[in-house]
Each structure stands twice: as C-alpha cells, then as structure tokens.
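Shown next, in structure tokens, is the structure this report addresses.
The values are calculated or read from the model by the stated rules, or taken from the named source; none is laboratory data. Bear in mind the structure is a predicted one, so any value in this text is a computation, not a measurement. Backbone-built Cβ (ideal geometry, glycine too); neighbour counts: all protein chains shown.
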4 protein chains.
Amino acid sequence: MAKRSRFLQTPIEPFTIDSGLTADQVLARMERISFQGRNLATAHRVWQKMLKDDVTIFLGMAGALSAGGLRLVVAHLILHRYVDCLVSTGANLYHDLHETRGQRHYLGSPQADDAALAEDRIDRVYDTYASEEEFISNDNWIADFAATLQLRPYTTREFLYQLGRHLWETTQQDGILTAAYRANVPIFCPAIADSSIGMGLSQARQKTPNAGHIDIIGDIVESANLIIRRPRTASIVLGGGTPKNFINQASVQAEFYSDEVGGHRYALQIVTDQPAFGGASGSSLEEAQSWGKLATDSDRVSVQADATIALPLLTSALANTAAPTLATRKRPVFTLASRVMTVDGHDVSSERFEEVNESTV
Amino acid sequence: MAKRSRFLQTPIEPFTIDSGLTADQVLARMERISFQGRNLATAHRVWQKMLKDDVTIFLGMAGALSAGGLRLVVAHLILHRYVDCLVSTGANLYHDLHETRGQRHYLGSPQADDAALAEDRIDRVYDTYASEEEFISNDNWIADFAATLQLRPYTTREFLYQLGRHLWETTQQDGILTAAYRANVPIFCPAIADSSIGMGLSQARQKTPNAGHIDIIGDIVESANLIIRRPRTASIVLGGGTPKNFINQASVQAEFYSDEVGGHRYALQIVTDQPAFGGASGSSLEEAQSWGKLATDSDRVSVQADATIALPLLTSALANTAAPTLATRKRPVFTLASRVMTVDGHDVSSERFEEVNESTV
Amino acid sequence: MAKRSRFLQTPIEPFTIDSGLTADQVLARMERISFQGRNLATAHRVWQKMLKDDVTIFLGMAGALSAGGLRLVVAHLILHRYVDCLVSTGANLYHDLHETRGQRHYLGSPQADDAALAEDRIDRVYDTYASEEEFISNDNWIADFAATLQLRPYTTREFLYQLGRHLWETTQQDGILTAAYRANVPIFCPAIADSSIGMGLSQARQKTPNAGHIDIIGDIVESANLIIRRPRTASIVLGGGTPKNFINQASVQAEFYSDEVGGHRYALQIVTDQPAFGGASGSSLEEAQSWGKLATDSDRVSVQADATIALPLLTSALANTAAPTLATRKRPVFTLASRVMTVDGHDVSSERFEEVNESTV
Amino acid sequence: MAKRSRFLQTPIEPFTIDSGLTADQVLARMERISFQGRNLATAHRVWQKMLKDDVTIFLGMAGALSAGGLRLVVAHLILHRYVDCLVSTGANLYHDLHETRGQRHYLGSPQADDAALAEDRIDRVYDTYASEEEFISNDNWIADFAATLQLRPYTTREFLYQLGRHLWETTQQDGILTAAYRANVPIFCPAIADSSIGMGLSQARQKTPNAGHIDIIGDIVESANLIIRRPRTASIVLGGGTPKNFINQASVQAEFYSDEVGGHRYALQIVTDQPAFGGASGSSLEEAQSWGKLATDSDRVSVQADATIALPLLTSALANTAAPTLATRKRPVFTLASRVMTVDGHDVSSERFEEVNESTV
C-alpha cells in the first residue's frame, strides 16, 4: 500500500467493557470513539484544562435542569468552584428555590392527561410535576422578600445574592442560590422578567409601591467589567438560551473597552438544539469565533446531548479527576453583598465600562 | 367486515398536484395529509379563527428571523393587524433596526472559514453574514438615542415605541419596529439585556451617567394588566425562547388577579425544538394546559418546522384568505407614547396589577 | 468605511407578502432569505437544473410518506417523469398499494390511547390510523399474487413491476406502483424484507412451497449497471434510510467498473435527521463527496424539513416552472417486463457488472 | 394545605455528586431525576428485568456504531449473552469486519475538507475517517469468500454465520461477527443489499456466475418461527432503521400463526429521531402497542440520546449489576451452521411458518 494519507493519524479505539468502571474511566474510554461520545469525553478534558489555567469560568444554564434533578450538581460545581460565575434562566433559580424551601418536584409522565392535571392544579414539565399552590407560595415569599429591599434598582447579581442570603438564613439548605451565596459566586439572570422570580418581583409592587426594580442594563455593564478586570475567560453552557448569549455578549462588550480581552480561551457546550435553523441556542462554537466570542485558538467542544445524561456523568468524572487541581486553582475572589461588587479587591462598576484602552466605540 | 371502529372517521386525502396553485390552495390540500404538513394547514385554519374571534393576539418571535429575511413578513403581520402585540427577543429587533437603517445581511455559507471571517470582522449567523463595523454603528446609534431619553426607568414597551418612532422619523423605512410604531402595536422584550439593543442601552451610560434604565418588572405588570383588561387572548409563537414563556406568563399572572382570565383561547406555535429534553422552547401545548396557560378547550396546533419555510407560506396564504376578516376585525386600540399605555381607552398600569376579583395571591 | 469584505456579496432580500402568490412565487421569494427557507428555494432551482440536463434522476423515498398523504405527489413525479427511477422502502409501496386497492388511512391523533387502538385493531403511524384487518387482506393479496409467479428469484425491480401491473389491471387506480408501471419507471426496494410487502412474499411460501424468492443482490448489480450505461446521474432523497444509501452505493459500485462514472452531478435531500450522530440518514452532502458519491463540483442542497411540508410546496412550484422543460427532457427509456431490463435499448444485467474500463476491483 | 393530589407521589431526588462513583452508581442516582437521564436509568432497570425473565432478547443496531467505536461493546453483549439475536444494518457488520481484519477507522473532523479527503480517497463518517483502498480490499475479501459458498440462496442468518466463522478462522480477533459465531448467536441483516457486504456479495458474481444469492424472504420466515418457538421476547433497539422494524415485524408475523405470541414483553430503545415526522425510526413505543408489536403491559422505555454516550455507560453499569443474573440466565440455545437453524433443539424453518393455532391469515 502507498504511503499513508495525512488524514489517517489516530485510530479509533473501540470502547471495551469491564466491571467496576468509574465515571472518569468510562469517559477516558470514550476519548477515541466517535460522535457525541467522543465529544463528551473531550468536554471532560477541556474542563480539566480550564481548571488548570488562570481563567474566570462562566457557567450558563438553561432548560429545566433544576426541576429535572440537577440543582445539586450545579450547587456542587459552585461550592467547589469548578465555576466562578453563574448565568441562569430565572426558571432554574426558581425551581431551585422551590426545593430549597422544602418543597418537591415529582415523577410524572409525558403522556399525562393535562386536563386532569389542570383540575388538580398540578403543573407539568415534560415528565415532572409540581404543585401550583406551592408555586404561588414561592411567588409570595419572593414578593415579601423583595418588598423589604431598598426602593432602588438592583442588578440581578445583587438581588440574587440577597435572595440567596435570605434563603440560606431561612432554610440552611443546599441548593444553587444558597451555594452561590455561601461561595461568593455571582449569579446573573438576564431574562429574570421571563420567570416566576420576575413574577414574584412584580407582585412586590402590590405590597410596596415602586418596589421590585431590577437594573438589567447594569448587569450588562457589570459582567463586561468583570471580564475587563480578568480578561482570560472560559464558557461552559448547558442548553443554550439567554445565558449562552449573555456570556458571549459580556466578552464581546468587554473587548470594545479593553485590548486585553480576546474572546473565551475555552468553550464547552452541552446542547440539544442544532445549528441548521439559525437560532443562537444551537449555534456552533465555530460560528462564535467569527463574532470574536471565542479566541480563534480556543479549546472548544460542543456536545449534542441532554444535560440530564451528560452533566451527571461529566461531573461525577471530574469529582475524581479534578480534585487535586481544584485544591490549587487560581480563582477569582468576589464580594457581592453591596451595590458594587468586587473581584480580587477591585470594584466592578455597573454604572460605566472601565476603559483600559482607547475605546473603539 | 364488522362495523367500523370509531377511530376510523376521516380518511386521509392524498395531496394532488396541479399547476398554478396559490399558497392558500397548497395549504388547503395539506389539511387532510399527515404529520407536520397537516399541522401547518391546521395553523392556517386556527389563525383564521383567531382573526374572526374577539381576542387579543400575541405574537412571540425568537430565533434569527430578522437576520434571516423574515422581518418584512412580521412587519406585514403587524401593519395589517394579524397580530396585536409583539413579544420579541432583542436580537430580532436589533437585526430589524440594522436593515431599516439601510444596512444589510448577506448570503453566506454554514461551511465558512470562521477564522477568515473574524479577520474581516464579519459575523456569521449560520448561513448569513453581517459587518461587525455596521453593528458597532448601530450600537452607537442606539446609545445616542437612549442618552436623549429621560433619566427614569422605561418599560421595554415604552422604550421600544420611542425607538420605533425615532427610527421611523430618521429613515421612513419599513420594518418591524417602524411598523409597530405606525400601527400602535406594543412590543415587549423581556430579555432585552441579552441582546445588542441592551448593549446599546448600556453604552448610553458612557455618554450620560444613569441613562439606560429599563423597568422589565414593569413589563410583567403591564402585560398582565393588558390581559386583565381584555381577557380573551390568543398566542402565536415562532421559535420558543423567552417570548413563548413571557406570553404564557402574562396570562397566568393575569389569572391571579382576575377570574375572567382563563388561558389563551387559541395557541399556534412553529418550533424546531422537541419536548423530550424538558426545555420550555420545545414544550407541548398540551403541557401548557396543565399550567392554565391555555384554556382546556382551546384551539391549538404545534408545527415542528423551521419558520423560514413555514411562516412565508402561512402568511402568503393568509394574505389571500384573511383579507375580508381583517377588514372587519375587532382589534384592541392602543396608545403607547406615554409611560402609561392605554388599551381601548383604559390605562394599563406598569405599577400595580388591576384586581378584578379577589386576589388569589 | 473601508473596502467591502469579499464575504459580503449578495444581500439577503427579505421575503415580502402579497396576495395571490403561487407556490413557485413563494419559493422564488425565499431564494435570498436564510436557513431552511433558502435551502428549499435552492432545491427548486437544483431540480429544475437536473431536468434541463441529460441525467438519470433517482428518487429515494423513506419515512411514512404514502400513509401520510404524499403518494399521489410521488405518482405525479413518476408519471410526468420528474424522476426516472424510484428507490423506496417497502412500507411506502405497501401503504400505496393499500390505498390503490380502495382502502384508506385516517386522520388520527399522536396523543391517542394506544391500548384502545390495539383493542380495535387499529394501527397508528403518529397521527394517522389504519385498519389491521385491511392490512391483513393486503398481505394475503400480495401472497396470492406472489404465489402465481415463477419459482425463481426476482429482483425487486422485476417483482415490483409485475406487482404494479397486477395492481393496475385489478384497480385502474392512480398510485406509486401503478404510475411506475404505466410510465415504465423502475422501482428498487433494497430493504423489501423489512416491510409488509416482504411479509406478503413470505406468506406466499405457505401457499406455494419455494415461492417468494427475491434476488436483492441482483438489484445491486442492476442498479450499478444502469449507471454504467448512463453515467450522468442525479439523486433526490426524501427522508434518508436505505434508499439514500442504495442510490449512492449504486454510483460508487458503478465507478469500480467504469471510468465514466464520477458521482452524482446533482443531489437534493429533504431530511429531518441531523449529521451529528453519525447515521447515514442525516449525513451531509459534503460528506458524500469524500466517498465519491457526489461529483465534487455537483450542484447540491440539503433541506432540513418534514417532507409533508416541503414536498407538496416544491412539487406544486415545479408544476408551474418545469412544464416546458419536462416536455423536451432527455429521459431514459426503460423496458421492465422481463428478467433483464433495458435502458435506451441496452440490456442491464443483474448477473454481472458491465466492465467499461479495466476494473479496479 | 388540602389533601395531596394523586399525581404527586414520588419526589424527584436530585442527583448528588461523590467521588469514585461507578457507572451503575451513576445510573442509580439518575433514576429519580427527569427527562432522558431518568429514561437511561430506567433502561438499565428494564434490561436487568429482561435478563431475569425467560425471554429471547433481540438487539437491533443501526447507525454508524461499529465505525464509531462501539463494536466491542456489542461483541461483549453477544459473548456474555446479554442478548440472544442480533438484527443489524449491513454497514455495522461491514465496519466490524474491517477492524476485525486488522484495519482501522481514524479520528477525523466534521469540518473536514471533503474534496481533499476525496483526493486522498479517504471516506468520512461525520468525525471519523477510513481508507477507501482498505474498503475495496474488504469487498474483495467478501466476494472471494462468497464465491466459495454453494450456488443456492442463503438466508442472511446462515450467510453471516459462515462469514463470522471464516473471519474467526482467519483472524482469531474479537468483533461482532466473530463473537456471534463463537457464541452461536444468530444475526439477521434484512437490508444487506444496502451495504458494502451486499456489494461484496454482488462482486462474487463477477468471479462465479450465479453466486451471491441471499434469501431475505427466508429471513422473515425464520425470524418469525423463532418467536413462534419461543413466544416470550424482548426488543432492544439502537438507532431505529430497518433492525427496529424487522424485530417488530417478526413478532407481528409470528402472532398471525400462533396465539401464544403477544408482542414483546420488554422494549428498550435508544434513538435520536423523534416521533413528530412519522418515520419508523423515531416512532414511540406507545405507538408500537397499537400494532401489537408490544404487549400492552410491557415494560418499556425510550431514551432520546446518541448511542455513543448511552450504550457505553449502560453496558458498563450492567457489567456490574447483571453479572450474577447472566450466570443463571435462561437463554435459548441455537445451532446455526446449517441451512436450517435450531433453537433449543427444534428446527426453525425458513421455508414455511409453523402454525401453532388456526392461522388468521
């Protein structure tokens, strides 16, 4: 046979079965298979690299992951600082709060009789049920809390820190909001108006006129300034949605004001949407390069999978492989209790962008 | 043969080909085929029913529809009042503004070399390109405009009305924002912070301290009050995302304060996500019933299709079939120029919910 | 602004709505939008080009299109020779035969109670029902017919021609099988064993020992020889599956024996699967180039859409735009009644490959 | 709060992270989360139940699993008799043979330059490459082998057993075909004509006139008789395609001739297609009940996931949890070397159906 093509370098190594394989061993054996299995194994490797590097790691979270049983996985990632900053949909924070407050979601069926559920005031999320009465009690609880805040706009970052504090002080229970409070990890929620947390905030106005003001434009400024302060970043995205874009937007926005920002150095996404319909949720990481959202030499991987399969496996593997790295990780230190947050001792304004270089804007 | 099963009532009528078929004739022949073709034909029929009934029709719009060439379809739907209220992602309004300002998107390839695009500062949306420089000029234009506004929070509804007016006065060009301005159709944008419109607003703070305040919680109150004022509603959703949920949330929220609200009477969605991963974008209209988002006897249809195929065909068909209905349609009359909008002459507060019955909250 | 990037050549032209648009006008206005709408418009153009060129056009057909109401569209494509050779799953031919024999499929619901359907012996295909008793009567009818054939292997092409003839002589009704018989268009069914037509053939053995022998390996030889005889080909694929691969395989196989074969000159696929899971149904046309299935300079387009939407629209458009081309089209002339088929007067063996050049095998 | 709704029975148990979790522990913690994670955990439980029951377990296999690195997982399932009968696409057997013969597939990229690959004669399967020359050598090897067989029709079951034997005798290497040969597990390949194994068979005719005759209709009879002999069955399907339907068809066909057959008692599918487009690959297991393919009280679960993620995890878990069950499992005993196979000492005809009860046909 003639000389080998340059394209034939590394053979596929078929996955072999043994008893007693741990999660990380399963992923290690997936590294040289194909398709999404390979991508998930690569995600494990990319995340490990992020942790060894000096980068601020953003985690974006969309889809019904909290209702669906992954809230303590995300809490674990926050508490052990596999990630430094959470960007979430409101629903994920709300369903987290629901359980942290001692209420539950329930196993259900996707073939349910929805009229019967409606009669019982049970809300369905695909194969998962919850009580509408309990949801209304959450809304009230949020409204009551929001009515105690100062009558001024809060960024979602500041509001959610205070909400996490209140929740921790009330419940002492683990969850995403309480983990972020305890670990001083900021949470942004750009679409908070599109969630039951927003509904709770809106109901605060019924109790206290002019309550429930959220400064989401301040979140844009603050998140960009965070990147201007620490220009090396990584992005981990579960499920697309507004968090995916918000993390990328922060990087693009920061680049307008600082030459040192050059897109995420690492990017990992676990999504179920596909690129062919043009939506942002399913957009490829290659496309993200064209926008400058990713450094063109970034380590990146996209996994086409349901996060309820991929994330438990991936995090269980990291719990084995990343422990030594986590112990020595260079991670940003935040203070979040005030209107102005800090990172590594520096103020992060929500009022105006830090201009490190001559602005291009 | 024994007596017919009750399940075998209406035979499939195979689609037959003739020359010269118009869009509505194509859809009429799809009514008795199967799968998504039948669903699209049913969508045509459901939309016609909405127009004949006395309902407020909400249109939700996510995905890259404006960049992808559907902005004048949506503008047509607004100008001719096939719909009464738009809920959109920021990106769709931004890419609309981009073209209304005389700039363009361009045919591209999904197999593009994204590093080369990045070098030329060309941003890619799947198979579509645009100039980053032009985008920066839009951001500036929005920032300049936002810096002229009063230093107080605006709901997105009020802000987008003013933006549409400014755009119309500047350009006299057709588009979504200008059509909504001219037709007095309100636009809500619950995730405005997650878009380049939000970025423009944030940059206004660089020009005028304390500019760019958006009251998204006010949007929640206002949208619910709109439904409390006119309790019979319909929902048309393109592509899921925050608009889909926001429209449903408004109905659920309104129901807390008014017994007359009972979920959308009609629901039509054109989505590419599927239900099996639990996300809201792909969630079924049956599931929506369990939440009270839809009346349990609602007319509803979900079409699994890319809106760039489904919407031009559907709207072209309606342009033939709905013209007489549109002429006599009972549609809500809005005023939008002020902090407090009105519908049919009544104020719609963004400060507190109208309580029509004893509140359940 | 600096000189224009080479990437910004052709602007998107937003779709505009007018009343009375015909199917081809709708597609013409989709040519310069984005995503799958653009792809469907391109499919229209690519098919027109095929018809003007001197190529043998293969149509592959998978998915439940016949049960789902598209059998008369396919029959139209065959009768008017938009295509020259059909490769189908057995199910599509079976459900076609079911209706040609005067029986029907019925409108149903995807939320049906399947246990209740099972009790009534109603079989469900997503939102479509049919009577199991009628299916059993089809199986018998096929078995009876197969038992009348000679006790020797038939290629599926020969068997299906005879089946089409028998069906036409019995019913005089339009359908895929009868259209192919009348238009002398060959049908291959490589997975006939995986269908109710195969079940009917197997039941023939109960009636006549040693009946129902199908020479599917002969189909491979025959389909490749067809391409060796007429090396310029085009491929139209609906829904992936075995037909997609069989058409490509015939081209690859033919290339082993003839230097003149160089992959399909045109390729058009309408699929719902995506490439990311590695399956052949969702594989891209770019990938097909690597295998030599497509000429590297082929005109090609892949549309991500349900065929029940895309095919009626596309065929209705072609009925307007392609009529003059069809009248003068250079199309292959087949005889199919015998064990050895002919094309343009030449025998097409199922016994051995024609070797036009020195074999590479 | 009022009495609990009947719908709220079993709470979701959020997944918790610990170090050192084995594959089966990961799945055990997924049992009470939601969406596809729950489904995969349920699949683990359903498979365990199958192994404890006295059922013939069919495994269907479509998609590029062998090329993609799962062939030794499937070989493991066969050798240790987690399954009793394999139904496969030809491609999976071919890519298995390719590696068993000492050749490899290679890591590649989905963004490859396919024209460059074509020039180097490298064939791409999404992110995986292989040498076309090596493929041609396989075709020849198969053709040479097929030319040594008797000049009579072989069922795919008989042919593949002989092919597995020849492969084992030549290579002594593990793989799907050699495992099935060594474990006396039958393989059916209903669409063998649509694969490179079929191409090899067709090329045998170039060497020996009238070679390469496959009796696929005999496969239908044989597979149904197998179920008539052992009426309790289970179905495990990876990826849909012809294997999924063939396994179901065998059950339906068997039911025509025996009252004791009542559909599969267990069904587990791991698919990436969705039901909404009507295709058989994505069809739901509920729908399968309407056809009598599944017993109405069957244990069943459908997992929407890429098999390259789901299968290694699931099989690694079973390697821990199912070992004791496997040791005592009641499994059918086959002889496969002859034209007439046997199960548990009884002949299984491919010539006519065994009629246990009065035929309904």
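Number of residues in region D:79-92 that are touching a strand residue (DSSP E or B) at 6+ places or on another chain (Cβ under 8 Å) and within 25 Å of D:Y126 (Cβ to Cβ): the value is 5. Looking at B:P312, B:P275, just one residue is within 9 Å of another protein chain (Cβ to nearest Cβ), closer than 22 Å to A:G240 by Cα and not polar (S, T, N, Q), and that residue is B:P275. Does region A:16-32 include one or more residues that are assigned to a strand (DSSP E or B) and either more than 7 Å from chain D (Cβ to nearest Cβ) or on the phi < 0 side of the Ramachandran plot (or both)? So far as region A:16-32 goes, yes, one or more of its residues are assigned to a strand (DSSP E or B) and either more than 7 Å from chain D (Cβ to nearest Cβ) or on the phi < 0 side of the Ramachandran plot (or both).
For region C:230-242, the criterion of being in contact with a helix residue (DSSP H, G or I) (Cβ under 9 Å, 6 or more places away or on another chain), in contact (Cβ under 8 Å) with a residue 40 or more places away in the chain and either more than 25 Å from C:V261 (Cα to Cα) or part of a loop (DSSP other than H, G, I, E, B) (or both) is met by at least one residue.
Inside region C:166-179, residues that are in contact (Cβ under 8 Å) with a residue 24 or more places away in the chain, assigned to a helix (DSSP H, G or I) and surrounded by 17 or more Cβ atoms within 10 Å (Cβ to Cβ) make up a count of 5. Of the residues that sit in region D:33-59 and are within 12 Å of another protein chain (Cβ to nearest Cβ) and hydrophobic (A, V, I, L, M, F, W, C), which one is nearest to A:V125 (Cα to Cα)? Applying the filter and picking the extreme gives D:F35.
Taking first residues from region B:337-361 that are farther than 22 Å from A:H213 by Cβ and modelled with pLDDT of 95 or more and partners that are assigned to a strand (DSSP E or B) and of a type in the set (V, I, T), the Cβ contacts under 7 Å between residues at least 6 apart in sequence or on separate chains come to B:T342/B:T335; B:T342/B:V348. Summed over region C:197-225, the residues that are at the interface with chain D (Cβ under 8 Å from one of its Cβ atoms), at negative phi and polar (S, T, N, Q) give a count of 3. Considered as a group, the residues in region C:180-195 that are farther than 16 Å from C:E158 by Cβ and more than 8 Å from chain D (Cβ to nearest Cβ) include one that is surrounded by the fewest Cβ atoms within 10 Å (Cβ to Cβ), and that residue is C:R182.
Note on region B:305-349: residues that are part of a loop (DSSP other than H, G, I, E, B) and either surrounded by fewer than 23 Cβ atoms within 10 Å (Cβ to Cβ) or in contact with a Lys or Arg (Cβ under 8 Å, 6 or more places away or on another chain) (or both) amount to 14.
Which of the residues spanning region A:92-128 are closer than 15 Å to D:P14 by Cβ and in a loop (DSSP other than H, G, I, E, B)? Within region A:92-128, A:R101, A:G102, A:Q103, A:R104, A:H105 meet the criteria.
Taking the stated definitions as given, is C:R101 under 23 Å from C:N138 (Cβ atoms), more than 13 Å from chain B (Cβ to nearest Cβ), in contact (Cβ under 8 Å) with a residue 24 or more places away in the chain and surrounded by fewer than 24 Cβ atoms within 10 Å (Cβ to Cβ)? Criteria met by C:R101. Among all positions in region A:86-98, there is no residue which is surrounded by fewer than 24 Cβ atoms within 10 Å (Cβ to Cβ) and either closer than 23 Å to A:L318 by Cβ or of a type in the set (K, R) (or both). The set of residues in region B:147-185 being more than 17 Å from the chain's Cα centre (by Cα) and either of a type in the set (A, V, I, L, M) or on the phi > 0 side of the Ramachandran plot (or both) consists of B:A147, B:L149, B:L151, B:L163, B:L167, B:Q172. Looking across region B:276-310, just one residue is at positive phi and touching a residue at least 12 places away in the same chain (Cβ under 8 Å), and that is B:G292. Within region A:180-196, at least one residue is assigned to a helix (DSSP H, G or I) and touching a strand residue (DSSP E or B) at 6+ places or on another chain (Cβ under 8 Å). Restricting attention to region D:188-236, which residues are touching a Leu at 6+ places or on another chain (Cβ under 7 Å) and aliphatic (A, V, I, L, M)? Selection gives D:I197, D:A211, D:I214, D:I217, D:I236. What residue, among those in region D:294-327 that are of a type in the set (S, T, N, Q) and at pLDDT 95 or above, is farthest from D:V185 (Cα to Cα)? Looking at residues that are of a type in the set (S, T, N, Q) and at pLDDT 95 or above, I get D:Q304. Would region B:141-157 turn up any residue that is surrounded by fewer than 23 Cβ atoms within 10 Å (Cβ to Cβ), among the polar types (S, T, N, Q) and without any contact (Cβ under 8 Å) to a residue 40 or more places away in the chain? Within region B:141-157, one or more residues are surrounded by fewer than 23 Cβ atoms within 10 Å (Cβ to Cβ), among the polar types (S, T, N, Q) and without any contact (Cβ under 8 Å) to a residue 40 or more places away in the chain. For region B:156-164, does any single residue satisfy the condition of being within 11 Å of chain A (Cβ to nearest Cβ), among the small types (G, A, S) and not in a loop (DSSP other than H, G, I, E, B)? Within region B:156-164, none of the residues are within 11 Å of chain A (Cβ to nearest Cβ), among the small types (G, A, S) and not in a loop (DSSP other than H, G, I, E, B). Scanning region A:321-337 for residues that are among the hydroxyl-bearing types (S, T, Y) and either within 18 Å of the chain's Cα centre (by Cα) or farther than 18 Å from A:A179 by Cβ (or both) yields A:T321, A:T325, A:T328. Being in contact with a strand residue (DSSP E or B) (Cβ under 8 Å, 6 or more places away or on another chain) and of a type outside the set (K, R) is the filter; apply it to region C:291-302 and report the residue that is nearest to the other protein chains (Cβ to nearest Cβ). Step by step, filter region C:291-302, then rank; the result is C:W291. Kindly establish whether B:R81 is facing chain C (nearest Cβ under 7 Å) and basic (K, R). When the stated conditions are applied, B:R81 does not pass them. Within the option set A:N210, A:N225, being over 28 Å from B:S223 (Cα atoms) and either surrounded by fewer than 24 Cβ atoms within 10 Å (Cβ to Cβ) or polar (S, T, N, Q) (or both) holds for one residue only, A:N225.
I'd like the full set of residues that are more than 10 Å from chain C (Cβ to nearest Cβ) and surrounded by fewer than 23 Cβ atoms within 10 Å (Cβ to Cβ), limited to region D:238-263. Once the filter is applied, which keeps residues that are more than 10 Å from chain C (Cβ to nearest Cβ) and surrounded by fewer than 23 Cβ atoms within 10 Å (Cβ to Cβ), region D:238-263 yields D:E255, D:S258, D:D259, D:E260, D:G262. Within the bounds of region C:311-324, is there any residue that is of a type outside the set (S, T, N, Q) and closer than 26 Å to C:S258 by Cβ? No, region C:311-324 contains no residue that is of a type outside the set (S, T, N, Q) and closer than 26 Å to C:S258 by Cβ.
The set of residues in region A:292-329 that are farther than 17 Å from D:V26 by Cβ and touching a Leu at 6+ places or on another chain (Cβ under 9 Å) comprises A:K293, A:L294, A:S298, A:D299, A:R300, A:V301, A:S302, A:T325, A:L326, A:R329. Could you tell me whether C:A288 is buried (at least 22 other Cβ atoms within 10 Å of the Cβ), out of contact with any helix residue (DSSP H, G or I) (no Cβ under 6 Å at 6 or more places or on another chain), within 13 Å of chain B (Cβ to nearest Cβ) and under 22 Å from C:P243 (Cα atoms)? No, not satisfied.
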